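The values are calculated or read from the model by the stated rules, or taken from the named source; none is laboratory data. Keep in mind that what you see is a predicted model, and the values were worked out from it rather than measured. Reconstructed Cβ throughout: ideal geometry from the backbone, glycine too, with neighbour counts over all protein chains shown.
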Amino acid sequence: MQDLSIHKTRELPANAKEIIENLKGRHLADDEEVSIWASRPHAAPAGEARSAAWRELNAQLDRMTSKTGVAPEELEKLIDEESDRVRHGPR
């Protein structure tokens with residue numbers, strides 16, 4: 001079973017798009033992509049596994065910036081803001 005799926009917003013069923021827009025709190029443009037990653041809870045990696053995960057995350061962010069044309073610093077800022085909103089926002 002696949003853990004990650006990526007969908008073009010314009011190809012989503014209307015009800016799925018509406019649910020995602022409600023989760024995100026904003027409208028999704030037709031040219032956007034939605035990534036869904038399912039994973040089981042697990043302990044945070046340590047040592048070399050943690051370093052490898054960090055390198056993999058940075059590589060993924062580099063791929064995202066190359067696709068979007070957004071400067072890496074701007075993407076990092078957006079991720080930090082959204083992470084802060086999720087961690088400390090209303091539940």
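Pairs linking a residue in segment 21-37 that is under 15 Å from M64 (Cα atoms) and in the same structural domain as D3 (by TED's automatic domain parsing) to a residue that is among the hydrophobic types (A, V, I, L, M, F, W, C) and in a loop (DSSP other than H, G, I, E, B), with Cβ atoms under 8 Å and 6 or more positions apart or on different chains, are V34/L12; V34/L28. Being at pLDDT 90 or above, small (G, A, S) and under 12 Å from the mean Cα position of the chain (by Cα) is a description that does not apply to S83. Selection of segment 13-37 for residues being of a type in the set (D, E) and surrounded by 10 or more Cβ atoms within 10 Å (Cβ to Cβ) yields E18, E21, D30, E32, E33.
Counting only residues that are farther than 20 Å from Q60 by Cβ and surrounded by fewer than 11 Cβ atoms within 10 Å (Cβ to Cβ), how many does segment 1-12 have? Total meeting the criteria: 1. Exactly one residue out of A53, A43 is out of contact with any strand residue (DSSP E or B) (no Cβ under 7 Å at 6 or more places or on another chain) and surrounded by 11 or more Cβ atoms within 10 Å (Cβ to Cβ), and it is A53. Scanning segment 56-81 for residues that are surrounded by 10 or more Cβ atoms within 10 Å (Cβ to Cβ), free of Cβ contacts under 8 Å to residues at least 12 places away in the same chain and farther than 20 Å from S5 by Cβ turns up N58, D62, T65, S66, V70, A71, P72, E74, K77, L78, D80, E81. Residue count for segment 1-20, restricted to those that are farther than 25 Å from K67 by Cβ and of a type in the set (A, V, I, L, M): 2.
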